[in-house]
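Here is the structure we will look at, set down as C-alpha cells.
The values are calculated or read from the model by the stated rules, or taken from the named source; none is laboratory data. The model shown is predicted, which means the values in this text are computed figures rather than measured ones. Because the Cβ atoms are built from the backbone with ideal geometry, glycine has one as well, and the counts that use them run over all protein chains shown. Calculation scope for accessible area: heavy atoms of the full protein, side chains included, ligands and nucleic acids excluded. Shrake-Rupley method; radii C 1.70, N 1.55, O 1.52, S 1.80 Å.
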Amino acid sequence: MLSCGIPELSDLEDLKYVYDALRPQDSDADATTYFTRLIESSLGSVATKLNFFIHNLAQMKFTGSDARPTLSFAPRTHTIKTSGRIRDVFLCRHERVFNPSKGYTYVVKVQRESPGEVTFVQRTFEEFQELHNKLRLLFPSSLLPRYPPWTPRAPPGAPLGFAECLCPHSFPSRFVIGRSRGEAVAERRKEELNGYIWHLIHAAPEVAECDLIYTFFHPLPRDEKAAGTNPTPKAADATWARPLGKVGGEVKLSISYKNNKLFIMVMHIRGLPPLQDGNDPDPYVKTYLLPDPQKTTKRKTKVARKTCNPTYNEMLVYDGIPKGDLQQRELRLSVLSEEGFWENILLGEVGIRLRDLDLAQEKMGWFALGSRGHGTL
C-alpha cells in the first residue's frame, strides 16, 4: 500500500492506524457488533443524510414519473363517473376482530346521489392512513382537511357533541402508548376519523372528487362478501381484518458460552415472506430460555423496517446460568413483525435444545423458521 502514492498512507504509522481500525484483536462476534454499530452511527449522521438527499434529488430529476399513486388494498381504480357521486359518508362504529389477527376495523356508511344507494365498507386505521399519505402526494396541505378554529358543523346523523370532539389536526395520530386501552383508542379514533372523512368529501372538488377517494369508498370483494350475509358482520366472520403473516425463512445465529454467560448473536435473517397484504414486514427477534413460566428470560432485538432480509448483529446475553442448567433449557426464538396498534404478527420461530450443542466452542449457522419445531445447524 505504501507504493500506491496515497498521501494519507505514506509511512508505517499510517498503516498501523488502518490495521488497528479493522479490529484484528476482536473476536468475530465482537468485531461484527462493533462495525454494525459504526455503520448505524454513520447512517444517522447529518452529513450522510445530506449526501443521500442530494443523490435522491438527482435521481428524481432524471427518473421522474407521471404515475399516479394507488391504494395497495384496492385491486382496481374507481372514479366519480364509474361509481356515482358520493353525497354523504358516516363512520358508524368500530368493531373488534380476532380472525385472522386481533385488532379493530371501522364500518363506514356511504350514500350516493342515486336514490336509496347505500353501501357499507370496512376499513382499518392503517388503510385510512394510507389514503391520507397518498393524498398528501397529490395535493398541497392547504387543500386537505384542517379543522377551523371555530366549532365545525357536525356530519348529518352524528351524535350530540360530535363537533366539539374534533381535534385541530388533519389526521389522527398513529402513536399509541401500550395496548391495554385499545377499546378507548379505537373509540377516540372513530370520532376523529369521522370528522376527517366528512371534511374530506366536502373539500375542494379536485380533492373530494379524485380517484383515490372514490376508490377508497368503493366496496371491495371483502365488503361485498360480508354484506351478502350481514351488512354488519360479526367479528368472528370478518374476513377483511388485517391478514396474518406467513411463516418461513432462516435466521443466522452465533451461540457461545463462557464464564456462566450464554451469548446469542442474532446476525441475519433471510427469506422472510411478505405479509398477506403484500407489504414487507417490520421484523424483530424475541428469545426465551424455556422453561420460563415467569417470562424473565425475554430478550429482544431492535426492529428492522420494511424488509424480508434484515441484518441485526445484536448480542443477546444471559448471565449467571450454570452449564448444568443449560443442559435442561431450550432456546425459543421467534421472529415477529411489529404492527403498532395491531397485535404483532408471528413470522416464524424455532426451538433449539442447548444440550444438542457443544458449548465449549462457538456454534454458528442458519436455522429454519417454522410454526413450531426444533432447529438444527
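Odds and ends about this structure:
- Tally of residues being open to solvent by 90 Å² or more (accessible area, probe 1.4 Å) and farther than 25 Å from VAL266 by Cβ across region 5-51: 10
- Restricting GLU40, GLU13 to residues that are modelled with pLDDT under 75, not assigned by the TED database to the domain that holds TYR312 and not aromatic (Phe, Trp, Tyr) narrows the list to GLU40.
- Among residues of region 172-219, those that are in a loop (DSSP other than H, G, I, E, B) and modelled with pLDDT of 85 or more, counted: 8
- Yes/no for LYS234 being open to solvent by 60 Å² or more (accessible area, probe 1.4 Å), at pLDDT below 80 and within 22 Å of the chain's Cα centre (by Cα): no
- Residue within region 62-73 that is modelled with pLDDT under 75 and among the aromatic types (Phe, Trp, Tyr) present: yes
Yes or no, residue by residue, for (1) among the acidic types (Asp, Glu); (2) crowded, with 17+ Cβ neighbours inside 10 Å:
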| site | (1), (2) |
| --- | --- |
| GLU338 | yes, no |
| ILE345 | no, yes |
| VAL350 | no, yes |
| GLN361 | no, no |
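- Meets criteria (crowded, with 18+ Cβ neighbours inside 10 Å and in contact with a Lys or Arg (Cβ under 6 Å, 6 or more places away or on another chain)) for LEU316: yes
- Of the residues making up region 116-145, those that are among the charged types (D, E, K, R), open to solvent by less than 40 Å² (accessible area, probe 1.4 Å), assigned to a helix (DSSP H, G or I) and under 17 Å from TYR214 (Cβ atoms) are GLU127, GLU130.
- Residue among ARG270, ARG242, ARG299, ARG222 that alone is basic (Lys, Arg), touching a strand residue (DSSP E or B) at 6+ places or on another chain (Cβ under 6 Å) and modelled with pLDDT under 85: ARG242
- Scanning region 257-302 for residues that are under 24 Å from LEU359 (Cβ atoms), open to solvent by 20 Å² or more (accessible area, probe 1.4 Å) and in contact (Cβ under 8 Å) with a residue 60 or more places away in the chain returns TYR257, ASN260, LYS261, PHE263, LEU290.
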